[in-house]
1. Most mobile of 16, 249, 265 per a Gaussian network model of the chain (Cα springs, under 10 Å)?
2. Would you list 13, 243 from fewest to most Cβ contacts within 10 Å?
3. Just the number, please: percent antiparallel of the DSSP beta bridges in region 129-299, rounded to the nearest 5.
4. What does the extension gain come out to for residue 71 and residue 240, with contour length at 0.36 nm per residue minus their alpha carbon separation?
5. If neighbour count is taken as other Cβ atoms inside 10 Å, put 31, 220 in order from fewest to most.
6. Report the label-to-label distance for residue 128 and residue 193 in nanometres (one decimal), using points 7 Å from each Cα along the Cα→Cβ vector.
7. Stretched out fully, how many nm does the piece from residue 4 to residue 46 gain, at 0.36 nm a residue minus the Cα gap?
8. What relative contact order, as a whole-number percentage, does region 129-299 give when Cα pairs under 8 Å and 6 or more residues apart are counted?
Ligand code: KG4
Ligand code: ZN
């Protein structure tokens, strides 16, 4: 079992991804994005499934080629079973099931959110692994959660968004400013050149460890309409400051809640995951908190922040070691039989 090759497939949203892991090390991590959604300013589910259909075979081939592993050498196949867009999930699921059946090897289902968290257990030089228990904040285009992690598979959601995900707050604000989808990375880029205190956006009042981001989107829209009515070139002239101010507000919201979670649980290890953990501002805020509050923080390697299959592979490997068959629901394929 310490010589295990796992092929992992991720297709929950708009990235078709395949990875090959040898135990807890990534041999190949291939992601094909889908430019088709850019012109619509967001992911179009029907187009996403179609693009997955086109991409899945080349992406898997490329991962095996890069890893220099033959499919006959694979010990198991891991795939994302949810959450995600149904049509997108079906492509990866059907492909994984068929390949596992054809190769007569175990099939392992993986929860996408667990994978964003357990990505921290991929062996990478220069990256420490958290110790249990730790807090994980999953921040992406589809979710915003604070999770208490007591072991690989014992996770409790202790806070989450009541409306939009934080990635949506970035993307929708960017859209209002006329930036293409996904706007998160662009806001990050401009924010680095601007003054975060130039404009003020009010923070939502939400109880406990929960989040709300829909109010911010509306605040940005009203701000935009008011300023552009007075000066049509307002965004052109002040793009960096606007982006820096929006990002500053979002990071404050995230940091307030994670500080509260640390206080409530007494757990001072904080890991982040998901697409928004690529954001330079949140990365810096966490490092500052490490100094200021004596936390230990964990930020994933860049390639494991946005959706990828290596994170699915590490969960597959950990489940493989434990012969963890939880919630597969797939009885027609040999699931983890040894
Ligand atoms: O995890 P992910 O790839 O997909 C989901 O599971 O949703 O996250 C995508 C999200 C998008 O909203 C994107 O704008 C955001 O992550 N994102 C960023 C950055 N890089 C990606 N947001 C802010 N700053 C970034 N650097
Ligand atoms: Zn994700």
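No lab work stands behind these numbers, since they all come straight from the coordinates. Not measured: the values here are computed from a predicted model. A quick note on method: Cβ atoms are made from the backbone with ideal geometry, for glycine too, and the neighbour counts reach across all protein chains shown.
1. Taking springs between Cα atoms under 10 Å, the residue moving most is 265.
2. Working: 13 25, 243 28.
Going from sparsest to densest Cβ surroundings: 13, 243.
3. Values: 12 of 20 bridges.
About 60 percent, rounded to the nearest 5.
4. 56.0 nm
5. Values: 31 19, 220 23.
Final ranking by Cβ density, sparse to dense: 31, 220.
6. 3.6 nm
7. Length difference between fully extended and current span is 11.6 nm.
8. The value is 28 percent.
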